[in-house]
Amino acid sequence: MSGICGIVQDDASARVDGATFDAMARAMASRGPDGSSAWTGGRVALAHAMLRTTFEAAAESQPLTLDQHTWLAADARIDAREQLRAELSAAGLPCPVGATDPELILRAYRAWGEDCVHHLLGDFAFAIWDAPRQTLFCARDHFGVKPFFHARAARAFVFSNTLQSIRSHPGVAAELDDIAIADFLLFDAMKDPERTAFAAIRRLRPAHCLVLRDGIVTIRRYWSLPRDHGVRYRDGRDYVARFTQLLDQAVRDRLRTDRASVSMSGGLDSPSLAASALRVSHADAVPLALHAHTVVYDRLIPDSERHYSQLAADALGIPISHRAADEYRLFAGHPPSPRYLAEPMHEPEGAATYELLRDQASHARVSLMGWDGDALLNESPKPYFRSLLREGRLVRLAAGVARYAVWQKRLLPRRMLQRQPNGTADSYPGWINPDLEERLRLRDRWRSMQDAPPVTHPVRPYAHSILSWLDRWSNFFDRFDPGSTGLALEVRHPFLDLRLVEYCLSLPPMPWCVKKHIMRESLRGVVPDAVRRRPKTPLGGNPGAALLARDDARWVDSFVAVPSLARYVDRTRIPATWRTSDAPAAWKDLRPLTLNFWLQQHDTKTPRETHA
C-alpha cells in the first residue's frame with residue numbers, strides 16, 4: 001500500500017549519494033500521503049512512502065528491521081495471515097498476533113530465506129537487504145498486481161515500484177525502448193513482459209523473484225499456474241458452499257478496513273463481491289461503510305447497466321453512485337491533464353473510468369474490483385466433452401450432454417464468443433516508420449505473434465489463456481496502481497486470490513464453470529433473479545465508436561505530431577478515423593495519437609496538443 005525504492009552500490013566501500021537518493025524518494029511521494037521515511041546503510045539505501053489502508057497498517061513503519069541486520073521495504077498486503085503465523089510457529093519462529101504485513105514478510109524470510117515466497121499469499125512487491133549475506137532479495141506477487149522495476153545505473157542497482165522513481169536517478173539512461181514502443185503500436189501491449197517503455201529499465205515478471213549478489217542479478221520463477229488437479233464432491237451444494245467460503249476469505253483479506261468502495265456493474269462478478277463484503281462484515285462484527293460506483297451510458301449507446309446495478313445495490317442495501325459517461329470526449333484526461341501515465345496505455349475513452357476511480361477514492365482507500373470472474377467461470381463445455389470422449393468416459397459424457405441440453409435447451413453449445421486477450425490487430429498498420437520497421441524487423445515480429453500457438457489446456461483453455469496472458473502483459477494492473485492514478489486508492493481483485501483461482505480451475509467445468517453457474521447459484525436469494533439470471537451482456541453499442549462519430553472528435557485527424565513521434569510513425573500515412581465505419585481499424589489507427597500524447601509528457605519543449 002505504498003511506494004518503495006532503493007539503491008545498492010556495486011562497490012562495498014561506496015556510499016549512496018544522498019541527493020540522488022532523495023530525488024528517487026521524492027518521485028514517489030504522491031504514493032504516500034501518510035508520510036515517508038528512509039534507511040541508509042553505507043552502500044545501501046531504502047525508502048518508503050506510506051499509504052495506510054488496513055487496520056494493522058496503523059502500527060506500520062518502514063523500512064523495517066527486526067534485528068538491525070536485515071531490512072525490508074515492501075508494498076504489500078499479505079493474505080491468510082493466521083495460516084502464515086501457524087507455519088512460522090511450526091518453524092520455531094512464533095509471530096505476534098498483531099504483526100504488520102511487512103513484519104510477516106520479514107519473519108518469513110528469517111524462517112525460510114529465499115523460499116519464503118512459497119509461503120506468501122497476497123499482492124506484494126518487496127525488497128530485502130540481507131547485510132550478513134550482502135544480498136538483495138526481491139519478489140513480485142503471483143499475478144503481478146503490484147509493479148516492480150529495476151535498472152543498472154552508474155555502478156549501482158536501483159529498484160522501485162514506481163517508474164518515475166528509477167528515472168529520477170541520473171545514471172539511468174532516458175532513451176525509450178524502441179521494441180516496447182513498437183509493440184504498443186502493433187499490439188496495444190508490450191509482448192516482452194520484462195520490458196518497459198524505457199530501454200534501461202526492466203520489469204520483474206509476476207511470480208518471479210530476483211537476487212542481487214556480488215553485483216550479479218539472477219531471476220527465477222517461483223510459481224506457475226497449476227494444470228492438473230481436480231476436486232469432486234458427492235453433493236452439488238458442497239461445490240457452491242466451498243466457492244462461497246473461498247470468496248469470503250479472499251474478500252476478508254482484501255478488506256481489513258471499515259470503509260470500502262466497489263466497482264459494481266449490473267452483472268454477476270461485482271455484486272458477488274459486494275455481497276461477500278457484507279457477509280464478512282456481519283460475521284466479523286466489523287461495521288463496513290460500503291459504497292458502489294458504476295460508469296453508465298444514458299444516451300450515447302444502448303446501456304442497461306444503470307438499471308441492473310441499481311437493482312443489485314437496492315437488494316444488497318448499499319448506496320450506489322452512477323457516473324454518466326455520455327459527455328466525455330475522446331482523449332479527455334490526456335495532456336494537458338495533470339494525470340501522469342508512466343507508460344503509454346491506449347484508452348481514448350478512459351476518462352470516465354479514471355473519474356470513477358476518483359469517486360471511489362473520495363469514499364475510501366480500498367476498492368474491490370471484479371476482475372476477472374469471466375476468466376475463471378465462463379468456459380465452453382466443449383473441451384470438457386472432448387476430453388471425456390478421448391478418455392472413453394462415455395457414461396459421464398452422455399450425462400453431461402443431456403444435462404446441458406435440458407439446461408440450455410439445445411444439444412451442444414454454439415461457438416462461444418470470448419474476448420481475445422492478446423491485443424493483436426488483424427492487419428499490419430501501414431503508418432509504422434519504414435526505417436524502424438526495417439531496423440527491428442517488425443513485420444517478422446508481427447507475423448510471429450500472429451502465428452504463435454495459443455495457450456491450450458485440454459479442459460480449461462479459456463481460463464488458462466487469460467491467466468497466462470496476465471503473465472505476459474505484466475503491466476496490465478499498473479493502470480489501477482497509485483503510481484499511475486496518483487490517487488490514494490488501492491484497487492483489489494478478489495477473483496485473483498490464489499486459493500480461489502486454484503479452486504475454480506479444479507472444478508468440473510460442466511456445469512460449474514459454464515456461464516458462471518456456480519456464481520449464479522451462490523447468489524440465489526441474494527440479488528434479484530433479474531440480475532442473477534441475466535446472461536452475459538456486452539454493452540449495447542461501442543462507446544468509442546460513438547464518441548468518434550461526434551462533431552467534437554473531428555480534431556483527431558488533424559493532430560499536431562510532436563517531433564519524437566516521427567521515429568515511430570509516418571504521420572502522413574495515418575488514415576482518417578473520424579466518423580469511419582470501420583471502428584476496430586479506427587481504434588488501431590488512434591494508437592499513434594495516444595503515443596503522441598504520452599510523448600508530450602517526456603518532451604517539455606514541445607507545445608501541448610489541446611482538444612477543447
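Read-outs: derived from the displayed coordinates by stated rules, not from any lab. Keep in mind it's a predicted model, so treat the numbers as computed, not measured. Using ideal geometry, Cβ is built from the backbone for each residue, glycine included, and neighbour counts are taken over all protein chains shown.
Things to note:
- For the stretch 3-52, the set of trypsin sites (Lys or Arg not before Pro) satisfying both a DSSP loop assignment and a count of at most 13 other C-beta atoms within 10 Å is given as Arg15.
- Fraction of alpha-carbon pairs over 28 Å apart in the stretch 2-221 - percent: 26 percent
- Exposure proxy ranking, count of Cβ atoms within 10 Å, fewest first, for Met24, Met264, Met510: Met510, Met24, Met264
- For the chain, the spread of Cα coordinates along the three principal axes comes to 75, 68, 50 Å, biggest extent given first.
- For the pair the stretch 531-559 and the stretch 466-482, the centres of their Cα atoms are 24 angstrom apart.
- Normalised by residue count, the stretch 463-535 yields a Cα convex hull volume of 139 Å³ per residue.
- Sorted fewest first by neighbouring Cβ atoms within 10 angstrom, Glu343, Glu87, Glu327 come out as Glu327, Glu87, Glu343.
- Estimated distance in nm for a label pair at Ala59 and Asp557, the labels positioned 7 Å out from Cα along Cα-to-Cβ: 6.5 nm
- Sorted by Cβ neighbour density within 10 Å, fewest at the top, the residues Lys515, Lys536, Lys146: Lys536, Lys515, Lys146
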